[in-house]
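These notes concern the structure reproduced below.
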Amino acid sequence: MGDAGLFRLPKLDQRTMKVTQLPLEHFVRQSYSMILEKNSIMNKKKNYATLLLILVTQVMVSQAKVASNGSMDSPNILFVFSDDHAWQSIGAYGGRLKEVAHTPNIDKLASEGMLFRKCFVANALCGPSRAAVLTGKYGHRNGVTWNRNTNFDGSQQTFPKMMRQNGYQTAIIGKWHLASVPTGFDYFDCMKGQGRYYNPFLQRGNAEGLQDTRTVVGYNSDIVGDLTIEWLKNGRDKSKPFMLMSQFKATHHGFCPGPEEYDLYDDVHIPEPDNLFDDFSYRGTAIREQTLTLYKNLSHAILVGDPGELGELNPDQRKAWDAYRSKFSEPFQAMNLNWSDQSRELSRFKYQSLLKNFLASGAGIDKNVGRIRAFLQENDLADNTVVIYMADHGFFLGEHGFFDKRFMYEEALRTAFIVHWPGKVEEGVVNDRDIVSNIDIASTFLEMAGIEIPQEIQGRSMVPVLEGKTPDDWRKTFLYTYHELANHNVQPHFGVTDGRNKLIYYPKYNEWEFFDLKKDPQEMISQYFIPENKTVITKLKKELVRLRNQYHCPPVITHRNMNKKANWDYEKRIIPIGVK
Ligand SMILES: [Ca+2]
C-alpha cells in the first residue's frame, strides 16, 4: 500500500480471483493457443510443462471460494451519479447555499466517508463525462468530446465490461445519454436520450442487447430510486458481488422537481452570489461572448412554463404541476414585465425561480439516496457495499450570472464526489488536498474489485488516496479540455490547474486567463498580464504542454499559438488584485 507507481498492482490473492472467474475450457484454449503461437520454435516438452503448470494453478485457485455477495476483497459497488448537481448546492460542501440546501442524506454519506473538494472533470458536459467515467479516458481517446455526438462506441473497453468478465454482476439504471445501446451490463434499464422528468420512456436489456421498452408513470428521480431498489431486491445474483450504477436525470436542464418537493421552497429566500451581475470586465473575450446568463438566455418555459424535458403529464400530474408552476407564473405576471426585460428586479426573480426549482430537484435526488441506503442497511448490504455519490460535472447557479456549465471556472470544473467505503475509508474526512477526477473512476473500481488496470486507461486508481496513503507522485496538476462550440457560444478552450493557480487558453482568440483562487476565488480578475505572476504562468504553460503530451491530445490546437504573444484590448484594462 502507498506504492508510488502509476498503477498499483493488485494483491496476489486478488489477482488469482480473476483467474477463477474464467470458464475452464476458455482458459485452456486461450492458454494453449497462446503458447503455440508465441513459442512455436520451443520444444513441445517445455510447452506441455508450461500448460500443466497453468492447469495445476487453475485447479488450485478454483478450490478457493471466490468472495461472493460483496466482501472486503471484492466489495459491492453502488455508484450514484447525478446530472449537473452543483457541488455548491450540497450542504456538505459548506458553500454559500448550505443554509438552504436540502441534502440531509448526501450530507450523511459525507459524514460517513470522504468528501473531495478537488474533484475535477475532464470536460464539463453530460455525454463526455459519462464516457470518461466508463473508459477512464479523455474524450479524444474514447470518442465522446461533445454532446452533439454522444454515440458512444460500445465495442471499446469499459470498466463494467471488465468487472463483468471478472465475476461481478453489473447493472445500470436511469440516465445513460450515450445514444448507443449500453454494453458490458448484465442488466440495464435506462431512459432514452436526456430522459423526461415525468413518465420517462425506458429501454431495458442485458448483455445480449435491448430487450424491451416501456413508459413508466411517475417522477423521474422517484422512478430511478424505485428501480434501483427493485433491482437490489429481485435482480441480483446473490452468488456474485455487484456493481450498480444508479444514475439520476435530475438536476439537468428543465430543473423540474417532483410532487413531494413542490412545497419545499415556499417562502424561502435564496442567497445571491456576489457576482450575480458580473459585467465581465478584466477577463478575455470568451466570457463576454457567451450566451449563458440567466437574465438573457434562460427561456420563459424553463421557469414559468413547461420545459421541453418535462414529459407528457396525465390529468392529475398536470393539475399538480400547474398549481406548482403558479408559484412562479403568478408573481411574474404581477410584475408586469416582458420576459426579455433585463432589469435587476426581473433578473433577481429569475435567479430565485431557477434556484428554487434546482434545489427542489436536488432534494428529490437526496430523498432517493436516503431510500436506497436504507434498503442496503435493512438488507445486510451496508457493510460490504461501497457507496459513491458523484455528479457528472459542476454547474453555475447564478455565479457570473450564469446558469450552465462548460467554462473551466470552479463552479463547472469541480464536481461533487463522496465515497463511503466501510472499513477502508475514514469517516467524515474532507479531502481538500488531492486532485482527483471522473477519469479516475474506472481504475478505482477495478482496483477495488482486485482487477488489474490496463495501461491504456488514463485515470489512476484513487484507492490509496481513499485509504489515506496518497502516493508521493499523485498528480499535482490537472488538464481540462472543452471541445464543443454548440450551445451558449462558449468557445473551445483548455487549461491547467494546480488547485490554486489556473491557466486557461482560448485558441480562437489566442487569449489566456490566469487566476489565483486564493486571492480571487470567484475568478473575477484575470491576472495574466500582472508581471509578478510571470514565473508561475511560465511553469503552468510548461505543465500544460506536458499534460497534453501525457494524455496524447490531438494537435488540433497548435502549441505554436500558445507561444504567440497575446495582444488584445483588455490588456490595457487589467488591474492587479486588490487595486481599486
Ligand atoms: Ca450533466
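The values are calculated or read from the model by the stated rules, or taken from the named source; none is laboratory data. In this text the structure is predicted, and so the values were computed from the model without any measurement. Neighbour counts are summed over all protein chains in view; Cβ atoms, including those assigned to glycine, are modelled from backbone coordinates with ideal geometry.
Give the residues of the stretch 361-410 that are within 16 Å of the ligand (Cβ to nearest atom) and among the charged types (D, E, K, R), sorted by residue number.
Asp392, Asp404, Lys405, Arg406, listed by residue number.
Condition first: at pLDDT 80 or above and away from the ligand (no atom under 16 Å from the Cβ). Can you find one or more residues in the stretch 52-74 that meet it?
Scanning the stretch 52-74 turns up at least one residue that is at pLDDT 80 or above and away from the ligand (no atom under 16 Å from the Cβ).
Yes or no: Asn368 farther than 28 Å from Pro307 by Cα and either at pLDDT 95 or above or among the small types (Gly, Ala, Ser) (or both)?
Working: farther than 28 Å from Pro307 by Cα: no; either at pLDDT 95 or above or among the small types (Gly, Ala, Ser) (or both): yes.
When the stated conditions are applied, Asn368 does not pass them.
If a residue must be buried (at least 19 other Cβ atoms within 10 Å of the Cβ) and either over 21 Å from Gly311 (Cβ atoms) or aromatic (Phe, Trp, Tyr) (or both), how many such residues does the stretch 184-204 contain?
7
List the pairs whose first member sits in the stretch 77-91 and is in the same structural domain as Thr228 (by TED's automatic domain parsing) and farther than 23 Å from Asp383 by Cα, whose second member is more than 10 Å from the ligand (Cβ to nearest atom) and part of a strand (DSSP E or B), and whose Cβ atoms are under 7 Å apart, counting only residues at least 6 apart or on separate chains?
The qualifying pairs are Trp87/Arg414.
Per-residue answers, yes or no, for (1) closer than 30 Å to His493 by Cα; (2) touching a Lys or Arg at 6+ places or on another chain (Cβ under 9 Å):
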{"site": "Asn275", "(1), (2)": "yes, no"}
{"site": "Tyr282", "(1), (2)": "yes, yes"}
{"site": "Ala286", "(1), (2)": "yes, yes"}
{"site": "Glu289", "(1), (2)": "yes, no"}
{"site": "Leu292", "(1), (2)": "yes, yes"}
{"site": "Lys296", "(1), (2)": "yes, no"}
{"site": "Ser299", "(1), (2)": "yes, no"}
{"site": "Gly311", "(1), (2)": "no, yes"}
{"site": "Ser326", "(1), (2)": "no, no"}
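Does the stretch 86-94 include one or more residues that are modelled with pLDDT of 95 or more, more than 16 Å from the ligand (Cβ to nearest atom), of a type outside the set (Gly, Ala, Ser) and closer than 30 Å to Leu544 by Cβ?
yes
Given the conditions (1) within 20 Å of the chain's Cα centre (by Cα); (2) surrounded by fewer than 22 Cβ atoms within 10 Å (Cβ to Cβ); (3) among the small types (Gly, Ala, Ser), which single one is not true for Ser443?
Unmet condition: (2).
Only one residue in Ala412, Ala360, Ala391, Ala382 is free of Cβ contacts under 8 Å to residues at least 60 places away in the same chain, in the same structural domain as Asn105 (by TED's automatic domain parsing) and not hydroxyl-bearing (Ser, Thr, Tyr), so which one is that?
Among Ala412, Ala360, Ala391, Ala382, only Ala382 is free of Cβ contacts under 8 Å to residues at least 60 places away in the same chain, in the same structural domain as Asn105 (by TED's automatic domain parsing) and not hydroxyl-bearing (Ser, Thr, Tyr).
Would you confirm, using the coordinates I've provided, whether Leu337 is aliphatic (A, V, I, L, M) and in the same structural domain as Ile435 (by TED's automatic domain parsing)?
Answer is no for this residue.
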